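Undergrad: This structure is in structure tokens; I'll ask about it shortly.
The values are calculated or read from the model by the stated rules, or taken from the named source; none is laboratory data. The structure displayed is predicted, hence computed values, not measured ones. Here Cβ is always computed from backbone atoms with ideal geometry, including for glycine, and neighbour counts include all displayed protein chains. Surface accessibility is based on the protein's heavy atoms, side chains included, excluding ligands, DNA and RNA. Shrake-Rupley method; radii C 1.70, N 1.55, O 1.52, S 1.80 Å.
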Amino acid sequence: YVAKCCTGLDFYFLNKVHAMKMVDFLHSVVPCRHKLSKRLVSQDLSSNMDSYKHSFSVEIAPVCRDDLVCLPKKLARSLGGVYPIGVAVKVTNAIYVIDPNTMRGTEIRTDVYFSNPFRSLWTSERLTEFMVVDSELTGATLGKYAQADVSVMKTSDMERTYQVRSHLGHLLQPGDLVLGYELETGVFNSAELDEYPNLDLPDVVLVRKTYPSRRKARRRRAWKLQRANIEEAVDDTKGISHKRRERDMEEFMRDLEDDPELRAQVNLYKDPQFRAGAGASSEGGMDTDEEEEDYPEVAVNELLDDLTI
């Protein structure tokens with residue numbers, strides 16, 4: 001079974017082999033390292049048989065997609081002198097960071113990360129919403145990303161325009177909404193950033209495009225996820241609140257919609273309760289999804305028949 005604790009999740013297996021498969025799976029999907037320990041449970045001297053309880057402790061790198069990171073100086077130098085500030089655009093068994101100013105991508109493997117570990121400078125909880133005023137491609141590309149000079153304004157303060165160089169030029173058009181980090185007025189408490197006393201930080205770093213209908217209502221999706229039953233701790237005062245868990249799950253489902261590569265590693269099941277045309281609507285009663293032509297959707301042929309566990 002699975003139990004929640006203050007530092008993460010505890011998985012209990014009857015067989016050591018099953019636990020090892022779980023550890024191997026984690027190594028294949030996230031940057032992590034593990035330690036093995038064992039404790040003597042019982043001993044039979046007459047038959048010379050010992051029984052041990054094995055424990056695998058897995059530490060996962062505390063960096064998520066869309067996080068703003070600052071690479072330690074030693075790590076930045078070992079990677080060829082890259083600019084230390086970047087956006088984590090992908091996290092698998094390695095961390096992929098892109099610098100929007102130079103369109104230089106960096107892959108940080110698991111062994112490299114744990115040789116010079118670092119934490120995110122800011123996480124997605126600090127994202128601010130901006131509106132795109134103008135966007136002009138520069139011609140520089142990196143994979144699916146295209147660099148652009150973008151003019152944006154905060155939706156909460158339309159009096160000032162920020163000039164930003166972004167890697168989202170392939171997505172952004174005037175009038176679009178985009179989430180980003182406002183560094184100009186930020187206060188940082190980072191040992192990694194302290195290593196660069198003369199570093200010139202950009203005013204704004206754009207991270208991802210967003211959609212108005214997502215703010216107004218949670219849509220009914222044609223698919224759902226299967227989740228394991230987790231035993232809650234008796235004292236859950238230090239745990240994650242129910243609302244935060246719901247918000248994190250919604251963010252994860254949005255990431256699945258946005259990223260086909262991430263979806264390829266997750267089983268999505270058809271929701272038998274879904275009815276076409278019955279999605280969430282705005283306050284006026286009109287479905288706003290139709291207004292956004294590039295709204296990310298999951299194709300029906302990617303879905304599996306519903307499974308009861």
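Undergrad: Going through the range 71-93 one residue at a time, which ones are free of Cβ contacts under 8 Å to residues at least 12 places away in the same chain and part of a helix (DSSP H, G or I)?
TA: Initially, the range 71-93 is screened for residues free of Cβ contacts under 8 Å to residues at least 12 places away in the same chain, giving 76-77, 80-81.
Residues satisfying the conditions are 76, 77.
Undergrad: Looking at the range 46-70, which of the residues that are assigned to a strand (DSSP E or B) and closer than 18 Å to residue 32 by Cα is least open to solvent (accessible area, probe 1.4 Å)? Full working, then the answer.
TA: Restricting attention to the range 46-70, the residues satisfying the condition of being assigned to a strand (DSSP E or B) are 49-60, 68-70.
Those left that are additionally closer than 18 Å to residue 32 by Cα: 55-60, 69.
Values: 55: 51, 56: 57, 57: 74, 58: 50, 59: 85, 60: 85, 69: 0 Å².
Here the residue is 69.
Undergrad: For the range 199-222, enumerate the residues that are closer than 30 Å to residue 173 by Cβ, modelled with pLDDT of 85 or more and open to solvent by less than 60 Å² (accessible area, probe 1.4 Å).
TA: Taking the range 199-222 first, the residues closer than 30 Å to residue 173 by Cβ are 200-222.
Now drop any that are not modelled with pLDDT of 85 or more, which leaves 200-210.
Selection gives 201, 202, 204, 205, 206, 207, 208, 209, 210.
Undergrad: Restricted to the range 28-45, and to residues that are open to solvent by 60 Å² or more (accessible area, probe 1.4 Å) and not in a strand (DSSP E or B), which residue is modelled with the lowest pLDDT?
TA: Per the criteria, the residue is 45.
Undergrad: Just to be sure before I move on: is residue 156 under 30 Å from residue 243 (Cα atoms) and out of contact with any strand residue (DSSP E or B) (no Cβ under 6 Å at 6 or more places or on another chain) in the structure I sent?
TA: Taking the combined requirement at face value, the residue satisfies it.
Undergrad: Which is assigned to a strand (DSSP E or B) and free of Cβ contacts under 8 Å to residues at least 24 places away in the same chain, of 10, 24?
TA: Step by step, each of 10, 24 is checked, and only 10 is assigned to a strand (DSSP E or B) and free of Cβ contacts under 8 Å to residues at least 24 places away in the same chain.
Undergrad: Does the range 165-178 contain any residue that is more than 20 Å from residue 86 (Cα to Cα), part of a strand (DSSP E or B) and under 22 Å from the mean Cα position of the chain (by Cα)?
TA: yes
Undergrad: In addition: When residue 96 is evaluated against the numbered criteria (1) surrounded by 16 or more Cβ atoms within 10 Å (Cβ to Cβ); (2) touching a residue at least 24 places away in the same chain (Cβ under 8 Å); (3) not in a helix (DSSP H, G or I), which criterion, by number, is the only one it fails?
TA: It is condition (2) that residue 96 fails.
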